Structures are given as C-alpha cells and as structure tokens.
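The values are calculated or read from the model by the stated rules, or taken from the named source; none is laboratory data. A quick note: this is a predicted structure, and the numbers were derived from the prediction, not measured. Counting neighbours? That spans all protein chains shown, and the Cβs are built from the backbone with ideal geometry, glycine included.
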Amino acid sequence: MANPTPQQKAWLTRLRPVLPRYFPEARGQLDLRISGPPDLRTYSRLFPFTILEDGLPLTELVVKVPQGRKAADVHLAFRAHRLLETHLAEYPHLTVPRALDAWEDPPALIMLRVEGAPLYIRMRDCRSWAPENGCQLARHFVWQAGRWLGVLHQLTPPRWSRPAPNPLAQREHWLLALRAGGLDPMDEKRIRERTDVLAASAHESVPLHGDFTLRNVLCHPPQQVTVLDTELAFFGEPALDIGWFLAALRTIDKWQIMVGEMAYPRAVIHRTETAFLEGYQSVRTLPPQPLIQAYTTLRLLERWADFVQQEKQRNIAGLRVLVIRRINQHFARMLP
C-alpha cells in the first residue's frame, strides 16, 4: 500500500515481535503487511493487516483502536470476546470475532478479521421482502441474529458488568433536549405512555450487548452470523437489546428523512421483526411485549434527541428549523 499513515507504521513495529505468540502453530517465518486504509469510525479506528508466513498470506488481522470513553473498555471487550467464544462453541453458526490480545498502550483490541456483509446491506438489497432467494437469505440472517441474542441472554452476567443506566432518567434527559427543539406535547404524552412500564422493577438481569443493531451483525452465507462490538459491560432487562434492534429498523440518516423516505417499507419492518423474534424464541422465552415496545421507544427517543441536538448546532437558522421539524415528524411516525 502506498503512503501508509504514521499510525499504520507504528502498528507494524509493535506487532511484528509478538506475531509468534499470536500464531504459535505457524512453522514458517511470520511477518505482516498493511492490507488497506484505516477505517475511521465515530468511536473507533480500524487498521487492517495481512499476516504472512514465509511470504504467503496466512490470515487477516484487524487492530481496533477505540476512541473516547470506549478506550477504557478494551480489556472488558477482550474478556467478553473470550467468554463468548467459549459459550458459542456449541453453536457453530453463531460467532464473535476471535480476539487475540488487548493492547495496553495505546488501548486497542487485536482481532482476526471476519468476513461478511453487515445485516443492513442484506436488508437494503431486499426492500420488497419478496420470496426470491436473496430475500429468503436475508430473512434467515435476521432469524439467526435473534437466535444469537437469545443465546447471549442465557448467560449469567459476568462479574465485571454493572447495572444498565436508569431508563427513566435517560428518558427525562432526552425529552428535555427535544422540548427545546419543538417537541409536540402530544408526542411527548405518547412517549411517556409507552415507557412508563419501565418504572417497575426489573424482571430479569442478563448480560447486555448494549448496541445490538443491523450494523453490528455480519452475515456470511450460507448461514453464519458474527456479532461485533460486544463488551458485556452492562446487565439488565433482555428487552433492552431487543428494543435496540427493532428501533434500528426505523432509524435512517437525516437526509433521507428530509425527502420523506423510510428505512424500509412498513411491511418489511413487520416481517423483519417477526423473523427476529422467532429466532430469539427458538432459544428462550421473549420478554413481555410492553417492555419490548418501551425499550424500542426509548432507543428511538435517544436517536431522535441526538439528531435534533446535532442540527441545533448548525449556523443556517432557516434550514436548521426545517430539518428539525422533519426529524420530529419522522420519529413521531416511527413510534411503535
């Protein structure tokens, strides 16, 4: 690769001496080369490399460097990956990326690269949910994603996890932010009606993925799914993870909202929800429907407030007001 970045060069220097420890079964001379540009995401930087044995490609490796608060969770993520590798061993089509090491300075997770396309791409390519092969394959991956989450929720929360944040405190924080953006009082009333059930004490405490979305599920035909970005840092209601996933079906970027688009047609959203919940039920009993609906609403509320907060920082007043109005209309329609 031409013109590698200083960060890529630094990781070449750091990793070369430890390659024999990561691949003790290798018999030849190990080396590595940069296999692509860095993937600069909101909360992490991904650096891809190819591992060479006697000059020939052996496998692909990714260095994930978390940013901000995520940097403190590197060791949690490493332990979570190792725990799930063991637990998922009896489920051959459900996996997590294999974690090789938690790097201390700078904080980073060293992992083997996972093949596959994110679930949202499979969904995007199947807007009609017609019965052709591609759509049946997409439906199967959705079912497998539900099954993966059900398997996770059978675990006892690991000792390093902590209680999930108070959902009603989060609700009040996000509602306060939205009122400044012109939230309709009737929409606020609907939100409260759908989430007041969360005032009751928790029914279950399970390890939570915390960000179970379509982007974090990789699909590899014919039937394997790999789930990314799991730290198991929190425990709480299983309905939280389910609601997060269902809300992802209704959340798109603000420019699609501006032209009145939906992420997927309502029929596709309904069929996807059904397939996902059936996959989950194949492993364990679903939480009560009001709890799932409440957490779906809460996740939509979070994304809604995030979109509006970003837009309030724009300098063009007229456009800012227009975009916020359209964002409010979209999310009000998407409430379950």
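Under the condition of being more than 14 Å from residue 326 (Cβ to Cβ) and within 20 Å of the chain's Cα centre (by Cα), which residue from region 252-267 is modelled with the lowest pLDDT?
The residue in question is 263.
Answer with yes or no whether residue 175 is part of a helix (DSSP H, G or I) and farther than 25 Å from residue 42 by Cβ.
no
Could you say whether any residue in region 112-120 is touching a residue at least 40 places away in the same chain (Cβ under 8 Å) and more than 18 Å from the chain's Cα centre (by Cα)?
For region 112-120, residues touching a residue at least 40 places away in the same chain (Cβ under 8 Å) and more than 18 Å from the chain's Cα centre (by Cα): present.
Looking at (1) closer than 13 Å to residue 230 by Cβ; (2) acidic (Asp, Glu); (3) loosely packed, with under 14 Cβ neighbours inside 10 Å, can you tell me which one residue 211 breaks?
With (1) closer than 13 Å to residue 230 by Cβ; (2) acidic (Asp, Glu); (3) loosely packed, with under 14 Cβ neighbours inside 10 Å applied to residue 211, the lone miss is (3).
In this structure, is residue 245 surrounded by fewer than 23 Cβ atoms within 10 Å (Cβ to Cβ) and in the same structural domain as residue 152 (by TED's automatic domain parsing)?
Against the criterion (surrounded by fewer than 23 Cβ atoms within 10 Å (Cβ to Cβ) and in the same structural domain as residue 152 (by TED's automatic domain parsing)), residue 245 does not qualify.
Residue 146 fails exactly one of the following numbered conditions: (1) assigned to a helix (DSSP H, G or I); (2) more than 17 Å from residue 299 (Cβ to Cβ). What is the number of that condition?
The failed condition is (2).
From the list 278, 302, 273, 311, pick out the single residue that is under 19 Å from residue 252 (Cα atoms), surrounded by fewer than 21 Cβ atoms within 10 Å (Cβ to Cβ) and more than 19 Å from the chain's Cα centre (by Cα).
Going through 278, 302, 273, 311 in turn, just one is under 19 Å from residue 252 (Cα atoms), surrounded by fewer than 21 Cβ atoms within 10 Å (Cβ to Cβ) and more than 19 Å from the chain's Cα centre (by Cα): 311.
Within region 129-177, take every residue that is surrounded by fewer than 16 Cβ atoms within 10 Å (Cβ to Cβ) and of a type in the set (Gly, Ala, Ser) and give me the one that is modelled with the lowest pLDDT.
134
Any residue at all in region 97-106 that's outside the structural domain of residue 290 (by TED's automatic domain parsing) and without any contact (Cβ under 8 Å) to a residue 12 or more places away in the chain?
Checking region 97-106: at least one residue is outside the structural domain of residue 290 (by TED's automatic domain parsing) and without any contact (Cβ under 8 Å) to a residue 12 or more places away in the chain.
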